[in-house]
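As structure tokens, the structure follows; a few thoughts come after it.
The values are calculated or read from the model by the stated rules, or taken from the named source; none is laboratory data. For clarity, every value in this text was computed on a predicted model and none was experimentally measured. Note that we place each Cβ from the backbone using ideal geometry, even for glycine, and neighbour counts take in every protein chain shown. Heads up: the accessible areas ignore ligands, DNA and RNA and are worked out on the full protein's heavy atoms, side chains in. Shrake-Rupley method; radii C 1.70, N 1.55, O 1.52, S 1.80 Å.
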Amino acid sequence: MTPLPQPLAGIPWYDVPDYNSPALDELARKLSLHELQIEDCRHPPQRAKLEDHEGYIFAVLKRLRRDPEPGHDLKFADVDVFLCKDTLITVHSGERDLVERTSKRTQECAQPRVDRTFYYLLDCIVDEYIPLLDTLAEESAEIEAAVLEHPDPPMLRRIFALKRRLIEFRRVAGGMRDVVNALMRIEQGLMGDDLDPYLRDVYDHLVRSVDLAETYRDLLTGALDIYLSAVANRTNQVMKVLTVYGTVALPLIIITGYFGMNLHLPLQESPHGLLYANGLMALSTLAVLYYFRRKGWF
Amino acid sequence: MTPLPQPLAGIPWYDVPDYNSPALDELARKLSLHELQIEDCRHPPQRAKLEDHEGYIFAVLKRLRRDPEPGHDLKFADVDVFLCKDTLITVHSGERDLVERTSKRTQECAQPRVDRTFYYLLDCIVDEYIPLLDTLAEESAEIEAAVLEHPDPPMLRRIFALKRRLIEFRRVAGGMRDVVNALMRIEQGLMGDDLDPYLRDVYDHLVRSVDLAETYRDLLTGALDIYLSAVANRTNQVMKVLTVYGTVALPLIIITGYFGMNLHLPLQESPHGLLYANGLMALSTLAVLYYFRRKGWF
Amino acid sequence: MTPLPQPLAGIPWYDVPDYNSPALDELARKLSLHELQIEDCRHPPQRAKLEDHEGYIFAVLKRLRRDPEPGHDLKFADVDVFLCKDTLITVHSGERDLVERTSKRTQECAQPRVDRTFYYLLDCIVDEYIPLLDTLAEESAEIEAAVLEHPDPPMLRRIFALKRRLIEFRRVAGGMRDVVNALMRIEQGLMGDDLDPYLRDVYDHLVRSVDLAETYRDLLTGALDIYLSAVANRTNQVMKVLTVYGTVALPLIIITGYFGMNLHLPLQESPHGLLYANGLMALSTLAVLYYFRRKGWF
Amino acid sequence: MTPLPQPLAGIPWYDVPDYNSPALDELARKLSLHELQIEDCRHPPQRAKLEDHEGYIFAVLKRLRRDPEPGHDLKFADVDVFLCKDTLITVHSGERDLVERTSKRTQECAQPRVDRTFYYLLDCIVDEYIPLLDTLAEESAEIEAAVLEHPDPPMLRRIFALKRRLIEFRRVAGGMRDVVNALMRIEQGLMGDDLDPYLRDVYDHLVRSVDLAETYRDLLTGALDIYLSAVANRTNQVMKVLTVYGTVALPLIIITGYFGMNLHLPLQESPHGLLYANGLMALSTLAVLYYFRRKGWF
Amino acid sequence: MTPLPQPLAGIPWYDVPDYNSPALDELARKLSLHELQIEDCRHPPQRAKLEDHEGYIFAVLKRLRRDPEPGHDLKFADVDVFLCKDTLITVHSGERDLVERTSKRTQECAQPRVDRTFYYLLDCIVDEYIPLLDTLAEESAEIEAAVLEHPDPPMLRRIFALKRRLIEFRRVAGGMRDVVNALMRIEQGLMGDDLDPYLRDVYDHLVRSVDLAETYRDLLTGALDIYLSAVANRTNQVMKVLTVYGTVALPLIIITGYFGMNLHLPLQESPHGLLYANGLMALSTLAVLYYFRRKGWF
């Protein structure tokens, strides 16, 4: 028989920092946890969800995982929670800092209770979303400011990388929002009534996060439109340069070619022939420039 | 013990013009306001929301803030309201004009009541949305009229700046609409029945505002499409100019080059050689122009 | 004391053809109409809406206003209705023809009743939508047929003008649909049961109108796509012409230039030099044309 | 007094093959059918709909009409049905084949009943949708296969013609689905319970049809995207050809021009001058080709 | 009389591996299965659906069919199930491996029951979706990585083939999700309560699959946008190359042409004439390059 993990923070809270640990089976057997939920713990990643079972609640929470490489895709880690009448079980893969912070807040509390600890855990997880959202907002504003100046492929790559992260974040935050919403409705008396405003507060944060993620994505779509129109505009500019230069040059090429013909040319013998040719060239150039000026091309 | 602020307008309305003031704590203690809501007051910006608590209602309202610099992004300021049975508390960061206008309407009233004052406050806030909407509508109409004439990057920047403001306005006005809707449903007897038509009137204004914001955004998307097609069209025009000029010039260049060859040319010795060459050139030019005319290019 | 307007069509129907008239205040006082609704009457345009008040129904209906200038944006006029137990009040700004038509139908009726007159009014207003929809449908079909032939900026302007009108019509017709729907649900016994199928008929017309407006808009989006791809296609055609002509000309220019060099050329002295040069030019032209033919460019 | 039409198939089923026939008035009078519904019968096309009236059901069904010209827009014909307790009335404009097929199935039935005949009629109408859907699916697949090869205006016209037909079909099939759904809910005991699975079967067919129409439309949008990107790609190809040829030719034109100048050229007198010039030209051509090869352009 | 198929796995489970088999009629007659459902079995493919009939449930499940050719469209096969009180009937077209796996899991069970076997079947079918989703995710990631490097037509074809598969998968998985959802609600006591968490688990898998399919499709739309902007960008690059080369060459062509004229040129007789011409050419080239450098074109 596997020994149970030590309760934390002076309350019956059992933390299983390794989801493969046999201690989880022991706890499941003792508290009659459902085998499918144990399986869910052992096969991350799961979708954020809340299941009410006879006498307890099972929740899969999604925690933001900081990656060493910055600027890459978001990573989320599963934190599984079983909230029974007098027991709290948390299962994860070594999210030590999260457990410590939750444990600290529990110990600072006058009357530690497992439901309150569950709220602390939830609050810690959701609090970590805020700085991420700020980063995404900054990145979005930066891109929007820069895209008109530098409509080049690296900018495009940045736009799509950010879009991918916003889609991912919106998906997970939306799932967490549904979990907290379900928790407020189907708590079965497992959460004290005094926690209701706190849960609503967490819910509010999540609603706002989802809201903002969608707004940023909307704005990002605008950035892509700017990109495309900036490229179209630049092509237009390039074409104009080519057209103006080409159209100025063509009459000159024809005139010089004309006087280069090995035929009997009228001005060939005249000492002022070159003067006339030069005058013709100047005239044709001025005519073309006047034409483009009137078209408003430069 | 901090002294309470003086009641305003002859009714138990306490206005806290600085959300960091200790007077807020004092009021919270006296009226048992929830600590999370006090925290919300102190950490603007919050999402517009309405929370019913035992015996009172807490609302976060979003007021439009005029910025000195015109044409920039919208700014909204939080106005927090606690409506208890016989007391009204408003918390904000120095929105003096709003408080004055509300106070004036309260004093003009025959029987001043806190719920009526709450309505006046709401009405003042929502009334400020109308001129903004008019500005947005004008800007939108202006852009649509101008975009076909000047499809250039500054126009693009104007389109996206307006779109951003419409998204922002729609988000806040939508939140306010939900607040008023919730207020009509869950007032707990805190609002007199005689105010029902007035609340519905405010609700109506907000529904219409959201409606219009969405219509303007729809039309703006059309303006972007005009922009893109105008750029595409202009590129097409530029290409045509280049193509017509280039195609007229090419035969002339070939003909002059032909007669410039240092070979035994048949017309080289003839005094009418140049005449034939000139005729050939005129013919080729006419042929090319006829071809493009038939294609309908000019 | 202002005299009340004369009842129309032999039933207690009071028509106020000027919303600023003091007769409206008199009626409001006599029938205890709510001040906000009187204000709504006096500040058109309002959103189409239906409000049930103690003992009466207040409705804002949107009538299509014919403008002298054809082809411009839609204009709608407010027609406000108060339906009390035994009284009907209509407020508007001089919609004489509408009142006349409604009055005529009421008088043709065996047993004139105010609720039936309300239905007649509604029916007259909605009937005017049909020819407008037909115009929009025709315009939409015309545009779709013409856009592939003439993808030019005036066409674009027509597309967006029509889109704007469809958005506007859809918004108003959708509002009217909701009004009739609300009327069927919350009539408070003010409308006789025998009118139910008639109201459902009007509702049906409005549902169909909204439906069609959305279908036309969908098709119009298709027309814009045609426009954009026709412009892209034309640019492609222009490029091809330039490329084919340019690529045919380049070898000829090089060959004539080659034989124009002031160097010792092998064929310079030969009397058949020109023949060889001509042959070379014909060959190069054929090679280029063969290459483009194989590419399927013409 | 107009004689009633003969009952069909041995049951009280009255078929009115001409909606202007006075027999319809006679039936309406005898069975107290509502005048608005008779009007609906006489003013096709109506939206598909189901109305329950005291004692009977009125349904507008949409039948697919085969047109002689293939490939054109869809045409639907109204088939109006009144299902009373013991009588069935069908009104249409000469849909003889439909009535015959329904009549045949009724006669093959052991115990013919009017509700069952109504189901047969419905089933016949919906069965005709299937081959149309197959045609639309084939056309959609064909277009998707061909669009990458031939991104030309006729293809565009095919795409939009098909899209228009899918929008139309989806709108009508969606209306029919709602009719059958309403029929299952509000049959008022007019349809025998044994028909429930059969109605559900028809409903299922319609749900699937709407589903498929939307899927095809989704795929068609993809085809349009392919079209646009194929055109963009082709323009890119054309540009590359022009650029490569032009850039190869330019140095050659400059070199031949250089040696064509009437100045004292160093190689002018040398018998190997041409050799050097030729070498220079070959070198420049190789350099340009090497440059484009490294850029991966061919 | 056709012999019934042998019951499988020691429980009353009758498997009909050929939907045309007369054994199906025999079973239908014996257990009073509805004829329409038997028809559904015999006319695959049907939409995934669940129908509750008096005393039994009929379900159409969609199984993923592996095709020998990889990379092609998805194929699904119908598996029809009748779950009666004490009997399970499965109908399909030779899905031998699926039946074997289900049978094996049933036999490993301590107390085999038909409802549990139904769950096993469902679970086996849904489990097969996971590797497909993984393949789709990999393909999507691959495309997104490659599209910026190779924005060519084959890439476009890959994007649209994947999009087609995602649309198809989403449609079927969405249907299966609705089936399991309906099963949880309307099981009529045919499924033991102990199976509830298991069904919810399957439901969860399907919700997640639909969710992911939509996310991948969203990202794929991004890949298409990358494609289009990469093509636009490349055209821009090509244009720049042409413009820079052309604009460098044009002055040189004019200068060499100028000195090639058969007129009295000032430097014609000078031995340093060529030097001046060369200097002029170098200068013009440097001027053009400096101009483009300042424009930031290379």
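Based on the Cβ-Cβ distance from A:ARG96 to B:ALA110, what FRET efficiency comes out when R0 is 51 Å, to the nearest 0.05?
Here the calculated transfer efficiency is 0.20.
Under 5 Å between amide hydrogens, which residues at least 5 positions from D:MET261 or on another chain qualify, with H placed 1.01 Å from N in the peptide plane?
C:ASN262
Looking only at D:LEU219, D:LEU263, D:LEU132, which one moves most when chain D is put into a Gaussian network model with springs between Cα atoms under 10 Å?
Between D:LEU219, D:LEU263, D:LEU132, it is D:LEU263 that shows the largest mean-square fluctuation.
Counting DSSP beta bridges with both partners in chain D, what percentage is antiparallel, nearest 5?
Percentage antiparallel, nearest 5: 85.
Give the B-A buried accessible area in Å², both sides summed, 1.4 Å probe, nearest 100.
4300 Å²
Just to confirm a number: summing +1 for Lys and Arg and -1 for Asp and Glu over residues other than C:ASP78 whose beta-carbon lies under 9 angstrom from that of C:ASP78, what do you get?
Once positives and negatives cancel, what remains is 0.
Shape call for the range C:26-112 from the C-alpha gyration tensor, a ≥ b ≥ c root eigenvalues: rounded (a/c under 1.5), prolate (a/b greater than b/c) or oblate?
oblate
For Cα pairs less than 8 Å apart in space and 6+ apart in sequence, what is the mean separation divided by the residue count of chain B, i.e. the relative contact order in percent?
16 percent
Between chains E and D there is a rotation axis; tell me the chain E residue with the nearest beta carbon and how many whole Å away it sits.
Spelled out, residue of E and its Cβ distance from the axis onto D: E:GLY260, 4.
Taking the alpha-carbon centroid of each part, what is the distance from the range B:283-298 to the range A:171-185 in angstrom?
One Cα centre to the other: 69 Å.
Taking the Cα-to-Cβ direction at A:ALA141 and at D:LEU36 and moving 7 Å from each Cα, how far apart do the two end points lie in nm?
Simple spin-label model gives 5.7 nm for this pair.
Suppose you put the label 7 Å out from Cα in the Cβ direction; list, shortest first and in nm with one decimal, how far E:TYR291 is from each other copy's label.
Label-point distances to the other copies, shortest first: 1.7, 1.8, 2.8, 2.8 nm.
Taking only protein heavy atoms into account and a 1.4 Å probe, give the accessible area per residue of the range D:139-217 in Å².
39 Å²
Testing the spin-label approximation: label points 7 Å from Cα along Cα→Cβ at A:ASP86 and A:ILE130. State their distance in nm.
3.6 nm
Under a plain spin-label model, where a point goes 7 Å from the Cα along Cα-to-Cβ, how far apart in nm are E:HIS43 and E:ASP193?
4.1 nm
At a 1.4 Å probe, what is the % contribution of carbon and sulfur to the accessible area of chain E?
Whole-percent figure for carbon plus sulfur exposure: 54.
With a 1.4 Å probe and all protein chains kept in place, how do B:ARG185, A:ARG164 rank by accessible area, largest first?
B:ARG185, A:ARG164
Kindly state, as a whole number, the per residue volume in cubic angstrom of the convex hull around the alpha carbon atoms of the protein assembly as shown.
254 Å³
Remind me, what semi-axes does chain E give for its equivalent ellipsoid, largest first in whole Å, using sqrt of 5 times each Cα gyration tensor eigenvalue?
For chain E, the ellipsoid semi-axes come out as 75, 18, 14 Å.
From the Cα gyration tensor of the range A:91-183, with a ≥ b ≥ c the square roots of its eigenvalues, which class applies: rounded if a/c is under 1.5, or else prolate if a/b is larger than b/c, or else oblate?
It is prolate, given that a/c is not under 1.5 and a/b is the larger ratio.
Quick one: work out the % antiparallel among DSSP beta bridges in the protein assembly as shown, nearest 5.
Taking every DSSP beta bridge within the protein assembly as shown, about 85 percent pair in antiparallel fashion.
Please check: in the Gaussian network model of chain B (C-alpha springs, under 10 Å), which one of B:VAL147, B:VAL60, B:VAL248 has the largest mean-square fluctuation.
B:VAL248
With n ≥ 4 as the cut-off for DSSP H runs, can you work out [θ] at 222 nm for chain D, using -39500 (n - 2.57) per run divided by the number of residues, rounded to the nearest 500?
That comes out to -21500 deg cm²/dmol.
Please state the shape class of the range D:16-61: rounded when a/c is under 1.5, otherwise prolate if a/b exceeds b/c and oblate if not, all from the C-alpha gyration tensor.
Verdict is oblate for the range D:16-61.
Only helices at least 15 Å long along their axis, Cα-based, and averaging 0.0 or more on Kyte-Doolittle count here, so list those DSSP H runs from chain A.
Helices passing the filter in chain A: A:114-127, A:129-147, A:196-259, A:273-294.
When we measure straight from the Cα of A:LYS49, which lysines land under 21 angstrom away, once same-chain ones fewer than 8 places off are left out?
Excluding near neighbours in sequence, the set is A:LYS62, A:LYS75, A:LYS85.
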